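The values are calculated or read from the model by the stated rules, or taken from the named source; none is laboratory data. What you see is a predicted model, and the numbers here were worked out from it, not measured in a lab. Every residue, glycine among them, receives a Cβ derived from its backbone with ideal geometry; neighbour counts consider all protein chains shown.
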Amino acid sequence: MKLIVDYANLEKIKEMYMYYPVDGVTTNPSILAKEKRNPYEVLKEIREFISKDGELHVQVISKDAENMIKEAYKIREELGDNTYIKIPVTKEGLKAIKILAHDGVNITATAIYTQMQAYLAGKAGAKYAAPYVNRIDNLGSNGVKVAKDIHDIYVKNNIDTQVLAASFKNSQQVLELAKYGIGAATVSPDVIDGLIKLDAVECAVDAFIRDFEGVCGQDKTMI
Ligand code: E4P
């Protein structure tokens with residue numbers, strides 16, 4: 001499972017790349033708005049940092065297919081042809097996905113709350129489909145199960161689309177999907193930190209140091 005950072009702040013993205021084995025960056029309009037700057041300025045800095053081959057996902061704003069397609073081409077022009085264009089899976093979105101995928105544009109179908117949306121987006125040619133795990137949970141359904149179902153639908157129907165699960169609020173949701181072998185998860189920095197923040201680990205490391213220093217002296221290491 002690829003691990004992608006769902007964020008737009010460059011300093012935080014750099015920190016994530018320094019500490020964790022991450023595979024790319026996703027953004028959405030709300031995440032970009034938090035930076036309070038021209039979105040292309042922000043995105044170009046991210047593109048430069050992750051290099052032209054790094055995986056970057058950028059969402060369109062328009063609600064009609066014609067303008068979604070225009071935005072898709074503008075985003076590619078500004079950020080490179082390998083940028084994944086995130087398109088919400090509405091009826092208009094599906095029309096745009098079909099046309100853009102046919103033209104060879106990499107599509108991440110987003111705002112997915114149901115298995116049927118994902119099935120249609122996959123058949124329309126999207127490279128990724130992004131179910132919103134935690135938002136689905138908040139509607140009283142089971143986001144992890146929806147993401148697993150989508151994975152199964154693609155495998156059983158020979159649809160060449162990967163699940164890019166999104167909207168996580170805890171590490172358990174991420175772990176469940178890693179165990180299932182879905183294609184990718186896009187996760188905010190605080191939840192990525194949560195994947196490794198364990199008091200027991202800190203306690204174990206501190207005990208090793210105390211034992212070692214007890215014999216070799218304070219601040220001594222293996223250097
Ligand atoms: C990804 O495609 C979504 O934009 C994002 O993960 C939504 O996350 P949120 O529910 O935490 O806003």
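Is there any pair with a first residue in the stretch 15-27 that is among the polar types (S, T, N, Q) and a second that is within 14 Å of the ligand (Cβ to nearest atom) whose Cβ atoms are under 7 Å apart and which are 6 or more apart or on different chains, and what are they?
As it stands, the answer is Thr26/Ile4; Thr26/Asp6; Thr26/His57; Thr26/Thr186; Thr27/Ala8; Thr27/His57; Thr27/Val58; Thr27/Gln59, since those pairs meet every condition given.
Tell me yes or no: at least one residue of the stretch 164-175 is closer than 18 Å to Val58 by Cβ and in contact (Cβ under 8 Å) with a residue 40 or more places away in the chain.
Taking every residue of the stretch 164-175 in turn, at least one turns out to be closer than 18 Å to Val58 by Cβ and in contact (Cβ under 8 Å) with a residue 40 or more places away in the chain.
Filter the stretch 159-173 down to the residues that are away from the ligand (no atom under 11 Å from the Cβ) and buried (at least 24 other Cβ atoms within 10 Å of the Cβ) and list them by number.
Within the stretch 159-173, Thr161, Val163 meet the criteria.
Output the residues belonging to the stretch 57-70 that are farther than 21 Å from Ala165 by Cα and either at pLDDT below 95 or crowded, with 18+ Cβ neighbours inside 10 Å (or both).
Filtering the stretch 57-70 down to residues farther than 21 Å from Ala165 by Cα leaves 62-70.
Within the stretch 57-70, Ala65, Met68, Ile69 meet the criteria.
Of the residues Gly80, Gly93, Gly54, which single one is buried (at least 19 other Cβ atoms within 10 Å of the Cβ) and free of Cβ contacts under 8 Å to residues at least 60 places away in the same chain? Walk me through it before giving the result.
Working: Gly80 fails: buried (at least 19 other Cβ atoms within 10 Å of the Cβ); Gly54 fails: buried (at least 19 other Cβ atoms within 10 Å of the Cβ).
Only one candidate passes the filter, namely Gly93.
List every residue pair whose Cβ atoms lie under 6 Å apart, where the two residues are 6 or more positions apart in sequence or sit on different chains, the first residue falls within the stretch 102-123 and is within 11 Å of Ala72 (Cβ to Cβ), and the second residue, located anywhere, is assigned to a loop (DSSP other than H, G, I, E, B) and of a type outside the set (Asp, Glu).
Within 6 Å, the pairs are Asn106/Lys127; Ile107/Ala126; Ile107/Lys127.
Give the residues of the stretch 33-51 that are surrounded by 15 or more Cβ atoms within 10 Å (Cβ to Cβ), within 16 Å of the ligand (Cβ to nearest atom) and of a type outside the set (Asp, Glu), sorted by residue number.
Listed by number, the residues that qualify are Pro39, Val42, Leu43, Ile46.
Okay, residues lined up against (1) within 29 Å of Pro39 (Cα to Cα); (2) within 12 Å of the ligand (Cβ to nearest atom):
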{"position": "Ile87", "(1), (2)": "yes, yes"}
{"position": "Ile99", "(1), (2)": "yes, no"}
{"position": "Asp103", "(1), (2)": "yes, no"}
{"position": "Thr114", "(1), (2)": "no, no"}
{"position": "Val133", "(1), (2)": "yes, yes"}
{"position": "Ile136", "(1), (2)": "yes, yes"}
{"position": "Asn142", "(1), (2)": "no, no"}
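I need the full set of residues from the stretch 3-56 which are of a type in the set (Asp, Glu), part of a helix (DSSP H, G or I) and under 22 Å from Gly194 (Cβ atoms), in order please. Give the derivation first.
The initial filter retains those residues of the stretch 3-56 that are of a type in the set (Asp, Glu), namely 6, 11, 15, 23, 35, 41, 45, 48, 53, 55.
Narrowing the set further to residues that are part of a helix (DSSP H, G or I) leaves 11, 15, 41, 45, 48.
Selection gives Glu11, Glu15.
Could you list, in sequence order, all residues of the stretch 57-74 that are part of a loop (DSSP other than H, G, I, E, B) and within 17 Å of Ala126 (Cα to Cα)?
First pass over the stretch 57-74, keeping only residues part of a loop (DSSP other than H, G, I, E, B): 60-64.
Selection gives Val60 alone.
Would you mind stating whether Val146 is crowded, with 21+ Cβ neighbours inside 10 Å and among the β-branched types (Val, Ile, Thr)? Write out each step before concluding.
Details: crowded, with 21+ Cβ neighbours inside 10 Å: yes; among the β-branched types (Val, Ile, Thr): yes.
Yes; evaluated as a whole, the condition is true for this residue.
Note down all Cβ pairs under 9 Å where the first residue falls in the stretch 192-218 and is among the aromatic types (Phe, Trp, Tyr), the second is modelled with pLDDT of 95 or more and surrounded by 10 or more Cβ atoms within 10 Å (Cβ to Cβ), and they're at least six residues apart or on different chains.
As it stands, the answer is Phe212/Lys220, since those pairs meet every condition given.
Is it true that Ala111 is closer than 19 Å to Ala8 by Cα, surrounded by 14 or more Cβ atoms within 10 Å (Cβ to Cβ) and within 21 Å of the chain's Cα centre (by Cα)? If you could, list the steps in order and put the result at the bottom.
Numbers: closer than 19 Å to Ala8 by Cα: yes; surrounded by 14 or more Cβ atoms within 10 Å (Cβ to Cβ): yes; within 21 Å of the chain's Cα centre (by Cα): yes.
Spelling it out, Ala111 is indeed closer than 19 Å to Ala8 by Cα, surrounded by 14 or more Cβ atoms within 10 Å (Cβ to Cβ) and within 21 Å of the chain's Cα centre (by Cα).
Suppose we keep only residues that are of a type outside the set (Val, Ile, Thr), within 16 Å of the ligand (Cβ to nearest atom) and assigned to a loop (DSSP other than H, G, I, E, B) within the stretch 178-209. Which one would you say is nearest to the chain's Cα centre (by Cα)?
If we filter the stretch 178-209 for residues that are of a type outside the set (Val, Ile, Thr), which is where we start, we get 178-181, 183-185, 188-190, 193-195, 197-200, 202-204, 206-208.
In the following step, the residues that additionally are within 16 Å of the ligand (Cβ to nearest atom) were identified as 183-185, 188-190, 193-195.
Next, only the ones that are assigned to a loop (DSSP other than H, G, I, E, B) stay: 183, 188, 195.
On the way: Gly183: 11, Ser188: 8, Leu195: 15 Å.
Looking at residues that are of a type outside the set (Val, Ile, Thr), within 16 Å of the ligand (Cβ to nearest atom) and assigned to a loop (DSSP other than H, G, I, E, B), I get Ser188.
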